[in-house]
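This report concerns only the one structure given below.
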């Protein structure tokens, strides 16, 4: 899988851009605030359906316009296609795949698989569990549309249950309590699917990340990625459904008092251990960076194993966070993966893969091919 061409119109600081990409390595360099991350973001949107950094979609539109347009022409092993995203300042966006408008984001996922790695991804290791749950949700959703559906339904029911808990706190009527039974059953149904998918994903990603980490550390460190959840030993979806329902009943009084649901996959986390030591708590900054890199590279192999093709790798200004050894490992071991890399300078990497790349310079929303 690779993106052959990207077209941008009135998207952030790009007024009218048409750029052909190399199927291998694409290096886009330039000063800060010139549009490097904006370009990476446009490809991410075509894969995931939303920005990884904008809270409101109208932020994606050039300030002189009322709409923005993104188009990615994609070459795949089985069939070529294109993805178009029309973004408006006064109505919902429109996404088309192969010229056909989609009604749900789940219809987009899987058409363009992407893996993004940016400096913010260091939060995966050292900050709160919300970043790790987001990582789980994005990666599993790309290859398992059913996961995305169950996650969406679970979050909808969770919101309803939390609102009901707040009402019950001040009015413990039998009718409200009976309504809570209905939401508990639904939450258990959708949540059990999420739990089983996550267990399967983490089992596979842990094995792949362990192999990558060994290479990055010359065999000196052993990485283990674990599912941190009260449901981690669930064997089947039905077992997960029964266990989650029991836990919701057991925690009901506490949940009513707090006005929020205290158990379920929305409370899950991931743990990382190097040589049996907790990396989040005791790992050095260098170790945390290496674990984050191992995790991202293992995503590539996971998606390839599930989908036959490698995804697109988006590296947004991460080389400055890595020493020269890891920079070389990263670039030299991705020759089967289309990679779009942004950076401010190219002195350290100019000699890498000279016969397998395009080099671009970006300045104020204009991208020029250098070599």
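Have a look at the DSSP beta bridges in the chain and tell me what percent are antiparallel, nearest 5.
Numbers: 40 of 58 bridges.
Within the chain, antiparallel bridges account for around 70 percent of the total.
Any idea what the relative contact order of segment 205-352 is, in percent, if you count C-alpha pairs under 8 Å spaced at least 6 apart?
Details: 145 pairs, mean separation 34.5, N = 148.
Reported as a whole number, the value is 23 percent.
Pairs of Cα atoms under 8 Å, at least six residues apart: use those to get the relative contact order of segment 24-161, whole percent. Mind showing how you got there, number by number?
Values: 141 pairs, mean separation 23.7, N = 138.
Once normalised by length, the contact order is 17 percent.
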Checklist entry - Which one is right for this structure if P(r) over Cα pairs in 20 Å bins from 0, in percent is calculated from it: [x] 32, 62, 7; [y] 27, 54, 19, 1; [z] 29, 55, 15, 0? => result [y]
Checklist outcome for this item: Gyration tensor on Cα atoms of segment 81-217, a ≥ b ≥ c root eigenvalues, a/c under 1.5 rounded, else prolate if a/b beats b/c, else oblate, says oblate
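Give me the number: length gained by fully extending residue 78 to residue 323, i.e. 0.36 nm times residue separation minus the C-alpha to C-alpha distance, one decimal in nm.
Values: separation 245, 0.36 × 245 = 88.20 nm, distance 3.80 nm.
Full extension from residue 78 to residue 323 adds 84.4 nm.
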Item to check | Taking segment 122-308 and dividing mean pair separation by its residue count, relative contact order in percent (alpha carbons under 8 Å, at least six apart) | outcome: 31 percent
Item to check | Nitroxide proxy distance, nm - points 7 Å out along Cα→Cβ at residue 4 and residue 103 | outcome: 3.1 nm
Next on the checklist: Per DSSP helix of 4 or more residues, -39500 (n - 2.57); summed, then divided by the residues of the chain. What does that give at 222 nm, rounded to the nearest 500?
Outcome noted: -14000 deg cm²/dmol
Item to check | residue 371 paired with residue 254, simple spin-label distance in nm, labels 7 Å along Cα-to-beta-carbon | outcome: 6.2 nm
Item to check | Distance between segment 70-85 and segment 1-37 - C-alpha centres, whole angstrom | outcome: 15 Å
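Using a ≥ b ≥ c from the Cα gyration tensor of segment 19-77 (square roots of the eigenvalues), is it rounded, prolate or oblate, where a/c under 1.5 gives rounded and otherwise the larger of a/b and b/c decides, a/b for prolate?
Working: a/c = 1.94, a/b = 1.33, b/c = 1.46.
Oblate.
Say R0 is 41 Å: what FRET efficiency, to the nearest 0.05, do residue 364 and residue 93 get from their beta-carbon distance? Can you show the working numbers first?
Working: r = 26 Å, r/R0 = 0.63.
My answer for the efficiency is 0.95.
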Item to check | Ascending count of other beta-carbon atoms within 10 Å, so fewest first, for 238, 306 | outcome: 238, 306
Next on the checklist: Would any residue of segment 194-209 have its amide N under 19 Å from a label point 7 Å out along Cα→Cβ of residue 226? List them or say none.
Outcome noted: 196, 198-209
Item to check | Estimated inter-spin distance, residue 204 and residue 149, nm [label 7 Å along Cα→Cβ] | outcome: 1.9 nm
Checklist entry - Cα gyration tensor of segment 122-308, axes a ≥ b ≥ c as square roots of the eigenvalues: rounded (a/c below 1.5), prolate (a/b > b/c) or oblate? => result prolate
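Using r as the Cβ-Cβ distance of residue 235 and residue 160, and R0 as 41 Å, what FRET efficiency do you calculate, to the nearest 0.05?
Numbers: r = 29 Å, r/R0 = 0.71.
Result of the calculation: an efficiency of 0.90.
Bear in mind these aren't lab numbers, they're just calculated from the coordinates by the rules spelled out. Since the model is a prediction, treat every value here as computed from it, not as a measurement. Glycine also receives a Cβ, built like all others from the backbone with ideal geometry; neighbour counts cover every protein chain displayed.
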